[in-house]
Amino acid sequence: MGRIFALLLLPLLLFGGSVKPFKWNDGESFLTFLERKKLPLRIYYNLDKEDQKLTEDIPYNANCQMVVDNKKFIRQILIPVNDELQLQIYLTPKRRYEIKVIPIVSQEYTETLYLPIKTLPYDDIVKMTGSKNLASVFVKMFKGKVDFRKGFRVGDPIVIVYTQKYRLGKPFSMPEVHGAVVEINGKKVTVYRHADGRFYDAKGAQYEKFLFRIPIRNPRITSGFTKSRYHPVLHRYRAHLGVDFGARPGTPILSTGDGRISFAGYSRGYGNTMKIRHSNGLTSLYAHQKSFRSGIHSGSSVKQGEVIGYVGNTGLSSGPHLHFGMYSGSSAINPMSVMKKTTEGFSGKERRVFIAIRDKMDAKFRKAFSNKPIRKPYFDFHETYYVDSETFKPKPF
Ligand SMILES: [Zn+2]
């Protein structure tokens, strides 16, 4: 990972600079950030509309980095907007600040974790992998199926097959869990991720009952969700952290689920925007609204399907539509992955796809149970880097 870091930072570190990691402040706008760092606001206004909107999606607590040279000039700032793209503010040789959207370079590993439980699965997984996200996903997968506080014996094994991204040597972003199994008193409980990104049991019954509905009647998707897409004509990276529904101005917008309005106001990029916090920890967002339904404001409780506002064209929008987002914490997820399914169970081709995934996973589980591979516990080294004066390469402390 040091190598990737080097590619981005080495030319700067040769000036004798230092790397300062920092977290993105909760609720801080990009413009306020620029003002606070005494950087020209032109940086923001030079971004095109889509990228300006992207700045409103910087997750709070995002791990950012700043490189300052020995004359205290900011040479570079890297701000991740999701787990694939980041904003790079940099000082050119002509001493002008510029900004670009660039990919985040990370490495991905798929691993089968075999773990006999010592205390509680959550704690044991964190200790072994360094990933709280993996531990949370695991616990969520078995919620309602297995009570890890009862009926669990020390030494009962769990197996998780997952893909994790690493950046700067640390687990980074949400892991993708392909399947998991727990064995309690000799009885196995399994969960599989299907091609649709949802979890199912061995019979193909859905584990989580998603209660969300599409927020508009007669939906017509005009732009889908993507964390990173390279635009071949514009020669740049693009992200669209929501789903756009084309609709006439004034079309009613419906709440995707029961919840409480956590924000109803105006932002430069998203225009009239409403956010609803739901009981399962997800937050939905409805942007570019013409107006909110009267009587609805921050703090109001809403029911699924209730009209909350009307489709419009406010903010940086190029035509009337609803931009619909879904967030887990402050990270954008694909809203379509949590919409209610109209049918239960699989049939036809989808059933064959599921069975293939399940059988492949079962083979991995069997292999893990017979080999019992024990992983080395994760070692969390310091994230700060220094430049080795002999090789001029950044190295972790
Ligand atoms: Zn959109």
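Every number in this text was worked out from the coordinates using simple rules, so none of it is lab data. On a predicted model such as this, the values are computed, not experimentally measured, just so you know. Neighbour counts are summed over all protein chains in view; Cβ atoms, including those assigned to glycine, are modelled from backbone coordinates with ideal geometry.
Along the axis of the charge dipole computed for the stretch 198-250 (Cβ charges of +1 for Lys and Arg, -1 for Asp and Glu, origin at the Cα centre), the listed residues 212, 199, 242 are led at the positive end by 242. When the trypsin sites (Lys or Arg not before Pro) in the stretch 273-351 are filtered for DSSP coil states and for at most 11 other beta-carbon atoms within 10 Å of their beta-carbon, the remaining sites are 303, 341. Charge dipole (Cα centre; +1 on Lys/Arg Cβ, -1 on Asp/Glu Cβ; no other charges) of the chain amounts to roughly 260 debye. The protection proxy used here, the mean number of other Cβ atoms lying within 10 Å of each residue, ranks peptides 154-165, 76-87 as follows, highest first: 76-87, 154-165. A viscosity of 1.306 mPa s and a temperature of 10 °C, combined with the Kirkwood radius over C-alpha pairs in the Stokes-Einstein formula, give the chain a diffusion coefficient of 68 µm²/s. Would you please classify the overall shape of the stretch 168-232 from the alpha carbon gyration tensor, given that a ≥ b ≥ c denote the square roots of the eigenvalues, rounded means a/c under 1.5, and beyond that prolate means a/b larger than b/c while oblate covers the rest? The shape class here is oblate. Karplus-based coupling profile of the stretch 347-354, in residue order and whole Hz: 9, x, 4, 4, 5, 5, 4, 4, with θ = phi - 60° in 6.51 cos²θ - 1.76 cosθ + 1.60 and x standing for Gly or Pro. Mind scanning 227/341; 132/367; 170/364; 140/187; 127/170; 132/275 and naming the pairs with a C-alpha gap bigger than 21 Å? Violating the 21 Å Cα-Cα cut-off are 227/341; 132/367; 170/364; 132/275.
Over all directions, the projected convex hull of the C-alpha atoms in the stretch 90-202 averages 9.4 nm² in area. Mean residue ellipticity, 222 nm, helices only, the chain: the sum of -39500 (n - 2.57) across DSSP H runs of n ≥ 4, divided by residue count and rounded to 500, is -5500 deg cm²/dmol.
In terms of its alpha-carbon gyration tensor, the stretch 2-105 comes out prolate; a/c meets the 1.5 threshold, and the first ratio a/b outweighs b/c.
Annotation for the stretch 65-118: trypsin sites (Lys or Arg not before Pro) lying in DSSP loop with at most 16 further Cβ atoms inside 10 Å of their Cβ are 71, 72, 94, 95, 96, 118. Loop-located trypsin sites (Lys or Arg not before Pro) across the stretch 200-252 with a Cβ neighbour count of 15 or fewer within 10 Å are 203, 209, 213, 217, 220, with loop assigned by DSSP.
Tally Lys and Arg at +1 and Asp and Glu at -1 over the other residues with C-beta under 13 Å from the C-beta of residue 214: what net charge comes out? Taking every Cβ under 13 Å from that of residue 214, the sum is +4. Look at the dipole of the stretch 19-172 built from charges on Cβ: of 77, 163, 139, the Cα furthest out on the positive end belongs to 77.
Between rounded, prolate and oblate, where does the stretch 111-167 land on the alpha carbon gyration tensor, with a ≥ b ≥ c its root eigenvalues, rounded for a/c under 1.5, else prolate if a/b exceeds b/c? Cα axes put the stretch 111-167 in the prolate bin.
Each Cα pair under 8 Å and six or more residues apart adds its sequence gap; the mean of these over the residue count of the chain is a relative contact order of 15 percent. Diffusion coefficient of the stretch 221-338 by Stokes-Einstein, Kirkwood radius over Cα pairs, 20 °C, 1.002 mPa s: 149 µm²/s. Farthest toward the positive end of the dipole of the chain, out of 289, 186, 269, is the Cα of 186, where the dipole comes from beta carbon charges about the Cα centre. Sequence-ordered 3J(HN,Hα) estimates for the stretch 87-98 from the Karplus curve with 6.51, -1.76 and 1.60 and θ = phi - 60° stand at 8, 10, 9, 9, 8, 7, x, 7, 6, 10, 7, 10 Hz, glycine and proline given as x. For the stretch 2-105, the tally of Lys pairs with Cα-Cα distances below 21 Å comes to 23, considering only residues 8 or more apart or on different chains. Remark: the stretch 182-269 is approximated by an ellipsoid whose semi-axes, taken from the C-alpha gyration tensor as √(5λ), come to 35, 22, 14 Å, largest first.
Taking Cα centre as origin and charging only the Cβ of basic (Lys, Arg, +1) and acidic (Asp, Glu, -1) residues, the dipole magnitude of the stretch 188-264 rounds to 140 debye. Each residue of the stretch 264-276 was assigned a 3J(HN,Hα) from its phi angle through the Karplus curve 6.51 cos²θ - 1.76 cosθ + 1.60 (θ = phi - 60°); the sequence is 9, x, 10, 10, 4, x, 8, x, 5, 10, 10, 10, 10 Hz, with glycine and proline shown as x.
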